[in-house]
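What follows draws every value from the coordinates through simple rules; no lab data is involved. Since we're looking at a predicted model, the values are computed, not measured. Note that each Cβ is placed from the backbone with ideal geometry, even for glycine, and that neighbours are counted across all protein chains shown.
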Amino acid sequence: MRTYDEMLSGLKDLKEKGFVKTHRAGDTGIGKTLEDLLEIEENNIQGPDGEDTELKAARKNSPSMLTLFTKSPLPRGINSKLRAEYGYPDKDHPDKLALRTTIDSVDFNTIKGKKGFMIVSSGDKIEIVPGRTPTKFPEMPNPYWNKEDFENSIKKKYKKSLLYVKADNKGTGENEEFHFNAAYLLEGFDFSKFAKSLKDGILKVDIRLGLYSDGRFHDHGTGVRIKPSLLDECFSGKKVL
């Protein structure tokens, strides 16, 4: 695994190199390209990308939120029931249900004009509370995470620090290009600040239950996301590199 110093050295080389062509079309192209150029193998592990440093990349001036980590709620298999209970016809496969929605702790969201979900922190759990009583699965429990599991997942992912890289971009699709020329080091992930940010609605939870192009069901992972400009709300220190 790459050390922080190796990653930083690679970033300096990329800054001097100028624009490079994307290695993958679409939103995830920037992260894939940066990982490839820094020789970091793409992974879905619970720990950081590097030896002790998590790596994230974003396009400058992009309104997109940053995924801090993904973690499926409990009990096991609950996402399939959520899809069946609250899903809507997928635009490309209308005979099958999808469920893509962003939730926070401020108020219930809406899904296709109907009351959706809200995040509620209660006792030792963080719950996804539906605004409508389930009918297909009347006994379905609220999806939840144990706070202790949440905290442990965060500590594994952000073992020491987050290296957040920004790039200018031009072109679109397969012809998009990036110039990685700004970086920030965020240290000291603070779970108490994280919990407050979740309560205040700064952090969002994305349910991403879609389908592959061939119609197979796909769970892209339940993501905890934040606006990049608000990353300071979860870390105790930030340094411009």
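What to note about this one:
- Less than 5 angstrom separates the built amide H of residue 140 from none of the residues sequence-distant by 5 or more or on a different chain.
- Of the residues 225, 59, 216, the one that moves most in a GNM of the chain with alpha-carbon contacts below 10 Å is 216.
- Per-residue ellipticity at 222 nm from helix content only, as computed over the chain with -39500 (n - 2.57) for each DSSP H run of at least four residues, stands at -6500 deg cm²/dmol.
- Using the Cβ of residue 48 as centre and a radius below 11 Å, the other residues enclosed give a net charge of +3, where K and R count +1 and D and E count -1.
- Euclidean distance of C-alpha centroids, segment 7-29 and segment 156-189, integer Å: 9
- Taking amide hydrogens as placed 1.01 Å from N in the peptide plane, the amide H of residue 105 sits under 5 Å from those of 119, 201, each at least 5 positions away in sequence or on another chain.
- Sequence-distant contacts, meaning Cα pairs under 8 Å at least 6 residues apart, place the relative contact order of the chain at 26 percent.
- Total formal charge among the other residues, if their Cβ is under 14 angstrom from that of residue 211, Lys/Arg +1 and Asp/Glu -1: +1
- Among the listed values (1) 0.95; (2) 1.09; (3) 0.98, the one matching Rg/Rh (Cα atoms, Kirkwood Rh) as calculated from this structure is (3).
- Total formal charge among the other residues, if their Cβ is under 12 angstrom from that of residue 202, Lys/Arg +1 and Asp/Glu -1: +2
- Between amide H atoms placed 1.01 Å from N, distances below 5 Å from residue 183 occur with 166, 241, all of them 5 or more places distant or on a separate chain.
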